[in-house]
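To start, the structure itself, in structure tokens.
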């Protein structure tokens, strides 16, 4: 991520009272999202709100706040995608899909049209988070 030092994440989460190693094993519980988000200087939008946005609004937020973290809660597990860009000529979003692996280089890069992205994102509850500073 441009301008963000990922090596500071463990310390910021620990300073906020969260156990970073435990989070890597189990993910972040819903009730921990505000604490983790604030510690990492992230802002967020409720899933119901973001689902109502049209494609232009998603691109606008991506340009102003990107990259965008889309997270799902499946009950027993969760997953996240990182939307890092939009290619206007192709009309596709660039997505990093980490498959819940925690080592560098294990990210799959995908391209999705707005309709493909919307189909994927609307299948489950999700939230949107972005860096703000």
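Read-outs throughout are calculated quantities, based only on the coordinates presented, and are distinct from any laboratory measurement. Remember, predicted model here, so these are calculated numbers, not experimental data. Every residue, glycine among them, receives a Cβ derived from its backbone with ideal geometry; neighbour counts consider all protein chains shown.
Using R0 = 22 Å, the C-beta based FRET efficiency linking residue 16 and residue 43 works out to 0.90. Residues 93, 69, arranged from fewest to most other Cβ atoms within 10 angstrom of their Cβ, appear as 69, 93.
Simple spin-label estimate for residue 24 and residue 115 gives 4.2 nm between the two label positions (7 Å along the Cα-to-Cβ direction from each Cα).
Shape analysis of the range 1-40 places it in the prolate category; the axes a ≥ b ≥ c from the Cα gyration tensor give an a/c of at least 1.5, with a/b above b/c. Modelled spin labels at residue 56 and residue 107, positioned 7 Å past Cα toward Cβ, are 3.0 nm from each other. Taking the Cβ-Cβ separation of residue 82 and residue 31 as r and a Förster radius of 22 Å, what is the calculated FRET efficiency to the nearest 0.05? The value I calculate is 0.45.
At a Förster radius of 25 Å, what calculated FRET efficiency corresponds to the Cβ-Cβ distance of residue 9 and residue 63, to the nearest 0.05? Intermediate results must be reported in sequence, preceding the final value.
On the way: r = 24 Å, r/R0 = 0.95.
Efficiency, from the Cβ-Cβ distance: 0.60.
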